[in-house]
Amino acid sequence: RYEPTWSSLDARPLPAWFDEAKFGVFIHWGVFSVPSFGSEWFWWYWQKEKREPYVKFMEANYPPGFSYEDFGPLFTAEFFDPNQWADILKASGAKYVVLTSKHHEGFTLWGSKYSWNWNAVDVGPKRDLVAELAASVRNRTDLHFGLYHSLFEWFNRLFLEDANNGFKTRKFPTSKSLPELYEIVTKYQPEIIWSDGDGNAPDTYWNSTGFLAWLYNDSPVRDTVVTNDRWGVGSICTHGGFYTCSDRYNPGHLLPHKWENCMTIDRSSWGYRRDARLGDYLPIEDLVKQLAETVSCGGNLLMNIGPTHDGRIAVVFEERLRQVGAWLKVNGEAIYGTKPWRAQNDTVTPGVWYTFSPKEGKLNAIFLNWPVSGTLELGEPQAKLGETQVKLAGYKELLKWVALGEKGMVIALPQLTPQQLPCQWGWTLQLTDVN
């Protein structure tokens, strides 16, 4: 049994499925999807920081005296079709999904008995959105279902009172945050608890270790659940399950501890933005590059989309997800279930990232640019004459190669028309019998 101490909790081995999955989809959805302007931090930027674009937006579009709470009934979700969402998630090639069950605004997407009249069953959709998506994901896909949960809430009076007391009192975690966590685990049995938003309070204030000890010892998901590292000030990148270290974290080198790169397709926001321009969305080339870099360095990629207030996944997000799925159909063997190799990227040719498939004993070299010369030079692999074989994923015939001294090789790529290429953005060479 795990003790409620970091030394005990940090010793828990991470369930193997998480490292093998490599790719997940993050979904930021909530009342912030109604104004859908600027950022999911809309309430904070408008009311607390009084940032000019947000104040002007409200003056131009809403009557005087309109409060953030007034957005609640407008979060309607009338087009929310959880089966359709599940089908898009499946088509993306993702192996897990993480939904914001509650963001810093405090609005819960399930009918929480600890969030009276500020939840999706009492206000707005009048539906348990968490239950509906969980059911569809489990019925229609093999994705692991996870939930994001914000520990603090910007404007909750109990939290503000505790903060004023220097977190010596613990009214908010004992009456709101912790009961919600126990509630979502017991009710929905998520296999990922993605914690966030410590409100500058220490983990002792949140009783994070007490909750995690229960989660790992006695909860219905104790054997399969994974957690991140955002459990109070100072715990990020230090304690918990996998490390997130920062948003859009992509170190570019191998880390000793399992980590995750959570990033957004919209460069500027996690929630949906009506004011987004096409150039704000990362193109598929960038997403494939992020995936290859992240996995080669031992990380998972958690790619975020923001649905609309009425429950639609915008077409641009759907396209990106389906494009990643199409790429994974061809190159998935170089991603799923792989381990980092001794070199993460090539020393001679830039834009080449390595992964290793232990079961097949295959070295995968993902190259992001198709060379004009028709030959690709790799500085890292040590090929063996008469033994090493090179294949291009999605192409039948073996490729010709020559060794370059002790280390390195030049590979002749097939001459293909754009229509004949196995995929359009990034390709995988599979090498067997290399030292």
Completion exercise
Counting only residues in segment 171-201 that are farther than 25 Å from R222 by Cβ and free of Cβ contacts under 8 Å to residues at least 40 places away in the same chain, the one surrounded by the fewest Cβ atoms within 10 Å (Cβ to Cβ) is identified as N200
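Can you tell me which residue within segment 270-298, out of those that are touching a His at 6+ places or on another chain (Cβ under 8 Å) and over 22 Å from Y354 (Cβ atoms), is surrounded by the most Cβ atoms within 10 Å (Cβ to Cβ)?
Going through the qualifying residues, I end up with G271.
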Practice task
Identify the residue in segment 217-228 that is more than 17 Å from E180 (Cα to Cα) and among the polar types (S, T, N, Q) and, among all such residues, is least open to solvent (accessible area, probe 1.4 Å).
Solution key: N228
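Of these, S357, S373, S296, which one is modelled with pLDDT of 95 or more, more than 27 Å from W17 (Cβ to Cβ) and polar (S, T, N, Q)?
The unique qualifying residue is S373.
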Problem - Qualifying positions in segment 314-346 - among the acidic types (D, E) and over 18 Å from the mean Cα position of the chain (by Cα) - result: E333, D346
Exercise for the section: State whether the residues of segment 105-113 include one that is over 21 Å from T308 (Cα atoms), polar (S, T, N, Q) and open to solvent by 10 Å² or more (accessible area, probe 1.4 Å). Expected result: no
Problem - Pair list, Cβ < 8 Å and 6+ apart or interchain, from segment 73-99 residues that are on the phi > 0 side of the Ramachandran plot to residues that are open to solvent by 60 Å² or more (accessible area, probe 1.4 Å) and outside any loop (DSSP other than H, G, I, E, B) - result: G93/K329
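Given the options W231, W214, W154, name the one that is of a type in the set (F, W, Y) and either open to solvent by 30 Å² or more (accessible area, probe 1.4 Å) or not assigned by the TED database to the domain that holds E49 (or both).
Working: W231 fails: either open to solvent by 30 Å² or more (accessible area, probe 1.4 Å) or not assigned by the TED database to the domain that holds E49 (or both); W154 fails: either open to solvent by 30 Å² or more (accessible area, probe 1.4 Å) or not assigned by the TED database to the domain that holds E49 (or both).
Answer to the selection: W214.
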Fill in the blank from the handout: If you go through S33, S67, S39, the only one that is open to solvent by 10 Å² or more (accessible area, probe 1.4 Å), assigned by the TED database to the domain that holds S235 and in contact (Cβ under 8 Å) with a residue 40 or more places away in the chain is S39
Exercise for the section: Go through segment 299-327 and give me each residue that's without any contact (Cβ under 8 Å) to a residue 60 or more places away in the chain and open to solvent by less than 10 Å² (accessible area, probe 1.4 Å). Expected result: G299, F317
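This table checks each residue for (1) in contact with an Asp or Glu (Cβ under 7 Å, 6 or more places away or on another chain); (2) open to solvent by 60 Å² or more (accessible area, probe 1.4 Å); (3) free of Cβ contacts under 8 Å to residues at least 24 places away in the same chain.
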position	(1), (2), (3)
P4	no, yes, no
S8	no, no, no
W17	no, no, no
K22	no, no, no
W29	no, no, no
Y45	no, no, yes
E49	no, yes, yes
P53	no, yes, yes
M58	no, no, yes
Exercise for the section: Answer yes if at least one residue in segment 63-81 is assigned to a loop (DSSP other than H, G, I, E, B), under 20 Å from E318 (Cα atoms), of a type in the set (D, E, K, R) and over 20 Å from the mean Cα position of the chain (by Cα), and no otherwise. Expected result: yes
Practice task
Return yes or no: is G311 under 23 Å from the mean Cα position of the chain (by Cα) and either of a type outside the set (G, A, S) or not in a loop (DSSP other than H, G, I, E, B) (or both)?
Solution key: no
Exercise for the section: Would you check if there is a residue in segment 368-389 being touching a Gly at 6+ places or on another chain (Cβ under 9 Å), within 26 Å of C297 (Cβ to Cβ) and of a type in the set (V, I, T)? Expected result: no
Exercise for the section: Identify all residues within segment 250-264 that are in contact with a strand residue (DSSP E or B) (Cβ under 6 Å, 6 or more places away or on another chain) and either at pLDDT below 95 or closer than 19 Å to K339 by Cα (or both); write none if there are none. Expected result: N250, H257, W259, E260, N261
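The values are calculated or read from the model by the stated rules, or taken from the named source; none is laboratory data. Predicted, not measured: the structure shown is a model, and the values here were computed from it. Ideal geometry is used to build each Cβ from the backbone, glycine not excepted, and the neighbour counts take in all protein chains shown. Only protein heavy atoms, including side chains, enter the accessible area calculation; ligands, DNA and RNA are left aside. Shrake-Rupley method; radii C 1.70, N 1.55, O 1.52, S 1.80 Å.
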